[in-house]
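A quick write-up on the structure given underneath.
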Amino acid sequence: MPIRILIADDHAVVRSGLRALLRSDQDIEVVGEAEDGTEALRLAASLHPDLILLDITMPPENGIKTAQRLKEAHPQLVVLFLTMHEDEALLHEALRAGAAGYVIKRAEESEILQAIHAVSHGDIYVHPAMTRALLHRPVTTERRRGTPEVSLTRRELDVLRLLAKGNTNRQIAGLLNLSMRTVENHRANLMGKLGLDSRVELVNYAEEHHLL
């Protein structure tokens, strides 16, 4: 079955380019297009897409708010942000809103397709530039500590448990049959969702919440 995708972007030329790109992949079906958040919510309810490719800067409220509303109404819907913003704070907001991926619009066409296939299979995809930003962000004196209510995917929990048990990224990749980049993306996403800054803090989190 093809991946049914709804495109949501307020620029017609962007939607047109994405439509052409996605139609070049035989495993993808574009089921609709929305030019704002309100239309995205309406079409998601009527078309039942598997995935929404969502812009952040989009009326009437930004894409983060739209993503939150979409996930509340359709928990199984996969949200993948495609944005011009290479902003760490927005990345954190996107992940907390339930997004499965964050891709920058300057990405290669192959990267966009790779991201779509990755998140459709339950993985997390964060553009490599943003992954590095997460992994190397400065330590602050006031940290937002994660709580058990933070929504982690099954694969994120797998990676977290293996990290906490002392496995390297390469070992985790082998154990879970994932690429190194995917493991790095999961690790970065864990840090973003939980507001943590290091492997030690991830281990402590896993212990505190009985995830080992």
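Whether any residue in region 176-194 is in a helix (DSSP H, G or I) and at pLDDT 90 or above is what I want to check. Within region 176-194 (the criterion being in a helix (DSSP H, G or I) and at pLDDT 90 or above), the answer is yes, since at least one residue qualifies. Among helices (runs of 4 or more DSSP H) entirely within region 31-102, having at least 1 residues that are closer than 11 Å to residue 8 by Cα and in contact with a Gly (Cβ under 7 Å, 6 or more places away or on another chain) singles out 37-47, 63-73.
The set of residues in region 73-115 being modelled with pLDDT under 90 and of a type in the set (Ser, Thr, Tyr) is empty.
Scanning region 126-141 turns up no residue that is at pLDDT 75 or above, surrounded by fewer than 21 Cβ atoms within 10 Å (Cβ to Cβ), within 23 Å of residue 30 (Cβ to Cβ) and under 14 Å from the mean Cα position of the chain (by Cα). Within region 147-155, can one find any residue that is of a type in the set (Asp, Glu), outside the structural domain of residue 122 (by TED's automatic domain parsing), under 22 Å from the mean Cα position of the chain (by Cα) and assigned to a helix (DSSP H, G or I)? No, the conditions are met nowhere in region 147-155. Within region 174-205, the residues that satisfy the criterion of being of a type in the set (A, V, I, L, M, F, W, C) and buried (at least 19 other Cβ atoms within 10 Å of the Cβ) are 178, 183, 188, 190, 191, 194, 196, 202. The residues listed here are 56, 64; of these, the one that is out of contact with any His (no Cβ under 7 Å at 6 or more places or on another chain) and under 24 Å from residue 128 (Cβ atoms) is 64. Look at region 199-212: where a residue is closer than 14 Å to residue 167 by Cβ, no partner that is at pLDDT below 80 and hydroxyl-bearing (Ser, Thr, Tyr) sits 6+ places away or on another chain with Cβ atoms under 6 Å. Put simply, of 87, 55, 50 the only residue that is closer than 24 Å to residue 114 by Cβ, in the same structural domain as residue 11 (by TED's automatic domain parsing) and free of Cβ contacts under 8 Å to residues at least 12 places away in the same chain is 87.
The criterion of being modelled with pLDDT under 95 and under 26 Å from residue 186 (Cβ atoms) does not hold for residue 8. Looking at (1) touching a residue at least 24 places away in the same chain (Cβ under 8 Å); (2) surrounded by 17 or more Cβ atoms within 10 Å (Cβ to Cβ), which is the one condition that is false for residue 162? Going through (1) touching a residue at least 24 places away in the same chain (Cβ under 8 Å); (2) surrounded by 17 or more Cβ atoms within 10 Å (Cβ to Cβ) one by one, residue 162 breaks only (1).
The values are calculated or read from the model by the stated rules, or taken from the named source; none is laboratory data. Since we're looking at a predicted model, the values are computed, not measured. No Cβ is skipped: glycine too gets one built from the backbone with ideal geometry, and neighbour counts run over all protein chains shown.
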